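Asks: Can you read through this structure? Questions will come right after.
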Amino acid sequence: MARPLALVPPLEAGSPDAIVPDPDHSTTAELEALLSREVLAGLDPLALVDALRRVGQRCDVGTSTTNLAMEAIRIALGRSSVAPAERDWRFQHRAWHDNPMFRRLAQGYLAWSAAVEQLVEEADLDWRTAERARFAAGLVTSTLAPTNFLATNPAAIERAVQTGGRSLVRGMRNIVRDVVENRGMPRSVDLRPFRLGETIAATPGSVVYRDEVLELLQYRPTTPRVHSRPVVVVPPQINKYYFLDLAPGRSFVEFAVAQGHQTFCISWRNPTAEQHDWDFDTYVAALEGALVAAAEIAGADRVNTVSMCAGGIATAALLAHHAATGTDLIGSATFGVTLLDFDLPSGIAMLASQGIVEHSLRTTRESGVLDGHSLFAFFSALRPNDLVWNYWVNNNLLGDDPPAFDVLAWNQDSARLPAGLHADFLDLFMTNRLAKAGEMTVLGRPVDLGAVECDTFVVGAQTDHLTPWKACYASTQLFGGRSEFVLSSSGHIQSLVNPPANPKMRFYRGPRPPGSPEGWLADATSHTGSWWEPWATWVGDRGGADRAAPRSLGNRKHRPDGPAPGTYVLAS
């Protein structure tokens, strides 16, 4: 079993108080250390315990317990209507429906987990505490699903019989491998087919600029003529850039090049403890240097930025800095699933409490960096059924290999955050300074997003669990220029790795955003395809005059220094 999640003590069905671990339990210190380091990316586990305790104090536990007991009687008598959701992968095996014992087991678990969720929803809590309670309750209920245990998983039992026990041997081999190579977390992907620069991150290009913080990649044009104003892609600092340049046909970079854009992409260096003092200003200054280099190479007056997730926070701060200094370098700015207002409900903003911040800072100050594996585990824990237990069952109970999927391969290739940047991000989560004019300084100047006058294109994702679309929508109200909002039908990463060829994808496009996201959605129109397509038209209108495509990459000042994907992305 994945070590960190297995440490949650067993619960007694029907006892809501049991969802709160005893803080005086002898294993509390071990639980806190392992959860904090391996799953919660420095998040204080006791803050989750406190959130659950507040649930118990502010809801009607007695009524919930009575209702659950009555449902348990109906389940025992075979009269319950409790059933798994149609798309719940855990209960697809026929035994969950046809076998009376397994059916009752599933119904009992589903009734109990629904009761826990209802307690959280009904508790009168501020939204941050509610998010933490929801997160903690999800960890507990997902861990105790009967499908996670061999004796109560009919598919695993059937597979063991069919293979004469060979599936169990393979599963044990996978568990040992995960303990040795993956800190006990189940592997989510078979990495063998993926090679950087060959099967993924393979769009032809060169490194044309490098400093100690980043490399700037320029991609070879594929059209005879290009827009004079280049596009610079700014990925998040907490991930490696190449989810934006996956396999051919699934690459945003490849798509942008095909639309006639001189395309550049930043590849952040993977820091070590030696770079512990790199802070937000360090990254903003490095970003500015890369944008200047891209403009010089393209011979352009301005650049158009396309910033994803946390990369958008740095871009927004740089835009505000430029507004304060009168610098006119960024002609337009695209923000994909970027959260700028941390006072709005979101999964990531649940980190904003003084205790959590202090605990997280202690964790990273000791090591100098926030470990990339911990970040990966934390984001997985936000959706534990799909991103943890799905692979536990597949690999260890069924004895199968994990799938070979490019997005999962990228997700496994985690990066670190230096302690300085981690501290500044936590400060943003806590104080929301970036969204408040004059309360934050960047490169020595107070910033005001409202003073930013360039046009912005903002993308949200309808099922995003990390940066909910309504919170992303709020960015349209922060800037002073004209803004357009597009809503993708997918989740956080799926909305970005979203080629137009996928007929299952949809996006919503509406008029210029009013004050309310609900009002915008009511007037929006649904379209089949990807937001990449309307973005290409939008940024093309801001791309400047056409010119002949350059015959070579870089220029005399910024000469090519090795092929894409560069060297920084290769560092583990």
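The values are calculated or read from the model by the stated rules, or taken from the named source; none is laboratory data. Predicted model, so just to flag it, every value in this text is computed and none were measured. With ideal geometry, Cβ positions are generated from the backbone for all residues, glycine too; neighbour counts draw on all protein chains shown. Protein only, heavy atoms only, side chains kept; ligands, DNA and RNA dropped before computing areas. Shrake-Rupley method; radii C 1.70, N 1.55, O 1.52, S 1.80 Å.
Asks: Could you please find all residues in segment 438-472 being of a type outside the set (Val, Ile, Thr) and under 17 Å from the mean Cα position of the chain (by Cα)?
Replies: Narrowing segment 438-472 to residues of a type outside the set (Val, Ile, Thr): 438-440, 443-446, 448-451, 453-455, 457, 460-462, 464-466, 468-472.
Hits for segment 438-472 are Gly460, Ala461, Gln462, Asp464, His465, Leu466, Pro468, Trp469, Lys470, Ala471, Cys472.
Asks: I'd like the residue in segment 366-375 that is part of a helix (DSSP H, G or I) and either in contact (Cβ under 8 Å) with a residue 60 or more places away in the chain or touching a strand residue (DSSP E or B) at 6+ places or on another chain (Cβ under 6 Å) (or both) and, out of all such residues, is farthest from Phe149 (Cα to Cα). It would help to see each step written out before you state the result.
Replies: Taking segment 366-375 first, the residues part of a helix (DSSP H, G or I) are 366-367, 372-375.
Still in the list and also either in contact (Cβ under 8 Å) with a residue 60 or more places away in the chain or touching a strand residue (DSSP E or B) at 6+ places or on another chain (Cβ under 6 Å) (or both): 367, 372-375.
Numbers: Ser367: 35, Gly372: 29, His373: 25, Ser374: 25, Leu375: 26 Å.
Result: Ser367.
Asks: Which of the residues belonging to segment 277-303 are surrounded by fewer than 23 Cβ atoms within 10 Å (Cβ to Cβ) and not in a helix (DSSP H, G or I)?
Replies: Asp277, Asp279, Gly299, Ala300, Asp301, Arg302
Asks: Of Ala95, Ala106, Ala123, Ala133, which residue is touching a Leu at 6+ places or on another chain (Cβ under 9 Å), aliphatic (A, V, I, L, M) and either open to solvent by 40 Å² or more (accessible area, probe 1.4 Å) or touching a residue at least 12 places away in the same chain (Cβ under 8 Å) (or both)?
Replies: Working: Ala95 fails: touching a Leu at 6+ places or on another chain (Cβ under 9 Å); Ala106 fails: touching a Leu at 6+ places or on another chain (Cβ under 9 Å); Ala123 fails: touching a Leu at 6+ places or on another chain (Cβ under 9 Å).
Matching residue, one of Ala95, Ala106, Ala123, Ala133: Ala133.
Asks: Further, regarding this structure: Of the residues that sit in segment 345-362 and are under 17 Å from the mean Cα position of the chain (by Cα) and at pLDDT 70 or above, which one is surrounded by the most Cβ atoms within 10 Å (Cβ to Cβ)?
Replies: So, considering only residues that are under 17 Å from the mean Cα position of the chain (by Cα) and at pLDDT 70 or above, the one surrounded by the most Cβ atoms within 10 Å (Cβ to Cβ) is Ser346.
Asks: Residue pairs, Cβ under 7 Å, 6 or more apart or interchain, first in segment 147-160 and under 14 Å from Asn395 (Cβ atoms), second in a helix (DSSP H, G or I) and of a type in the set (S, T, N, Q). List them.
Replies: Correct list of pairs: Asn153/Thr147; Arg159/Ser167.
Asks: Moving to a separate point now. Which residue out of Gly399, Gly460, Gly438 is part of a loop (DSSP other than H, G, I, E, B) and open to solvent by less than 30 Å² (accessible area, probe 1.4 Å)?
Replies: Numbers: Gly460 fails: part of a loop (DSSP other than H, G, I, E, B); Gly438 fails: open to solvent by less than 30 Å² (accessible area, probe 1.4 Å).
Gly399 is the lone residue from the list that is part of a loop (DSSP other than H, G, I, E, B) and open to solvent by less than 30 Å² (accessible area, probe 1.4 Å).
Asks: Go through (1) out of contact with any Phe, Trp or Tyr (no Cβ under 6 Å at 6 or more places or on another chain); (2) in a helix (DSSP H, G or I) and name the single condition Ala106 misses.
Replies: Result: Ala106 fails condition (1) only.
Asks: Considering only segment 52-68, state which residues are open to solvent by less than 50 Å² (accessible area, probe 1.4 Å), assigned to a helix (DSSP H, G or I) and in contact (Cβ under 8 Å) with a residue 24 or more places away in the chain. So that I can check it myself, show each step before the final result.
Replies: Filtering segment 52-68 for residues open to solvent by less than 50 Å² (accessible area, probe 1.4 Å) gives 52, 55-56, 59, 61-62, 64-65, 68.
From what's left, assigned to a helix (DSSP H, G or I): 52, 55-56, 61-62, 64-65, 68.
Of everything in segment 52-68, those that are open to solvent by less than 50 Å² (accessible area, probe 1.4 Å), assigned to a helix (DSSP H, G or I) and in contact (Cβ under 8 Å) with a residue 24 or more places away in the chain turn out to be Leu52, Val55, Gly56, Val61, Ser64, Thr65, Leu68.
Asks: If His261 passes every condition in (1) touching a His at 6+ places or on another chain (Cβ under 8 Å); (2) over 24 Å from Cys472 (Cβ atoms); (3) open to solvent by less than 10 Å² (accessible area, probe 1.4 Å) but one, which one does it miss?
Replies: Evaluating His261 over (1) touching a His at 6+ places or on another chain (Cβ under 8 Å); (2) over 24 Å from Cys472 (Cβ atoms); (3) open to solvent by less than 10 Å² (accessible area, probe 1.4 Å) leaves (2) as the failure.
Asks: Here's a follow-up. Which residues, taken from segment 402-432, are under 21 Å from Ile313 (Cβ atoms), part of a helix (DSSP H, G or I) and polar (S, T, N, Q)? Let's see the steps before the verdict.
Replies: Here is the first cut: in segment 402-432, the residues under 21 Å from Ile313 (Cβ atoms) are 410-411, 414-432.
Remaining after also requiring part of a helix (DSSP H, G or I): 410-411, 419-431.
Answer for segment 402-432, where residues must be under 21 Å from Ile313 (Cβ atoms), part of a helix (DSSP H, G or I) and polar (S, T, N, Q): Asn411, Thr431.
Asks: Pairs under 6 Å by beta carbon, first residue open to solvent by less than 20 Å² (accessible area, probe 1.4 Å) in segment 317-331, partner assigned to a helix (DSSP H, G or I) and acidic (Asp, Glu), six or more apart or different chains?
Replies: Leu318/Glu288
Asks: Okay, moving on. Anything in segment 492-548 that is open to solvent by 30 Å² or more (accessible area, probe 1.4 Å) and on the phi > 0 side of the Ramachandran plot? List them, or say none.
Replies: Gly544
Asks: Give me the pairs, please: first residue somewhere in segment 251-262 and part of a loop (DSSP other than H, G, I, E, B), second residue anywhere and open to solvent by 10 Å² or more (accessible area, probe 1.4 Å) and among the polar types (S, T, N, Q), beta-carbon distance under 6 Å, and either six or more positions apart or on two chains.
Replies: Within 6 Å, the pairs are Ser251/Thr203; Gly260/Thr223.
Asks: Let me ask you something else. Give me the residue from segment 402-424 that is within 23 Å of Arg128 (Cβ to Cβ) and either of a type in the set (Val, Ile, Thr) or open to solvent by less than 10 Å² (accessible area, probe 1.4 Å) (or both) and, out of that set, nearest to the chain's Cα centre (by Cα). Lay out the reasoning, then the answer.
Replies: As a first pass, look at segment 402-424 and keep what is within 23 Å of Arg128 (Cβ to Cβ): 417, 421-424.
Adding the requirement that they be either of a type in the set (Val, Ile, Thr) or open to solvent by less than 10 Å² (accessible area, probe 1.4 Å) (or both) leaves 417, 421.
Numbers: Leu417: 15, Leu421: 18 Å.
Going through the qualifying residues, I end up with Leu417.
Asks: In this structure, is Arg365 of a type in the set (Lys, Arg), under 20 Å from the mean Cα position of the chain (by Cα) and open to solvent by 50 Å² or more (accessible area, probe 1.4 Å)?
Replies: Details: of a type in the set (Lys, Arg): yes; under 20 Å from the mean Cα position of the chain (by Cα): no; open to solvent by 50 Å² or more (accessible area, probe 1.4 Å): yes.
For Arg365, the condition - of a type in the set (Lys, Arg), under 20 Å from the mean Cα position of the chain (by Cα) and open to solvent by 50 Å² or more (accessible area, probe 1.4 Å) - is not met.
Asks: Given the conditions (1) free of Cβ contacts under 8 Å to residues at least 24 places away in the same chain; (2) within 30 Å of Gln259 (Cα to Cα), which single one is not true for Lys436?
Replies: Failing condition for Lys436: (2).
Asks: Could you list, in sequence order, all residues of segment 449-480 that are within 14 Å of Asp341 (Cβ to Cβ) and either touching a helix residue (DSSP H, G or I) at 6+ places or on another chain (Cβ under 6 Å) or without any contact (Cβ under 8 Å) to a residue 24 or more places away in the chain (or both)?
Replies: Hits for segment 449-480 are Leu449, Val458, Gly460, Lys470, Tyr473, Leu478, Phe479.
Yes or no, residue by residue, for (1) modelled with pLDDT under 95; (2) more than 25 Å from the chain's Cα centre (by Cα):
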residue	(1), (2)
Met185	yes, no
Glu215	no, no
Arg220	no, yes
Val232	no, no
Tyr242	no, no
Asp245	no, no
Gly249	yes, no
Phe255	no, no
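Asks: Considering only residues that are farther than 17 Å from Ala571 by Cα, more than 24 Å from the chain's Cα centre (by Cα) and not hydroxyl-bearing (Ser, Thr, Tyr), which ones fall in segment 187-213?
Replies: Pro204, Gly205, Val208
Asks: Would a scan of segment 525-537 turn up a residue that is modelled with pLDDT under 95 and out of contact with any Lys or Arg (no Cβ under 8 Å at 6 or more places or on another chain)?
Replies: Looking through segment 525-537, none of the residues is modelled with pLDDT under 95 and out of contact with any Lys or Arg (no Cβ under 8 Å at 6 or more places or on another chain).
Asks: Please work out which residue is modelled with the lowest pLDDT, limiting yourself to segment 35-51 and to residues that are among the acidic types (Asp, Glu) and part of a helix (DSSP H, G or I). So that I can check it myself, show each step before the final result.
Replies: Restricting attention to segment 35-51, the residues satisfying the condition of being among the acidic types (Asp, Glu) are 38, 44, 50.
Applying the additional criterion that residues be part of a helix (DSSP H, G or I) yields 38, 50.
Values: Glu38: 41, Asp50: 75.
By that ranking, first place goes to Glu38.
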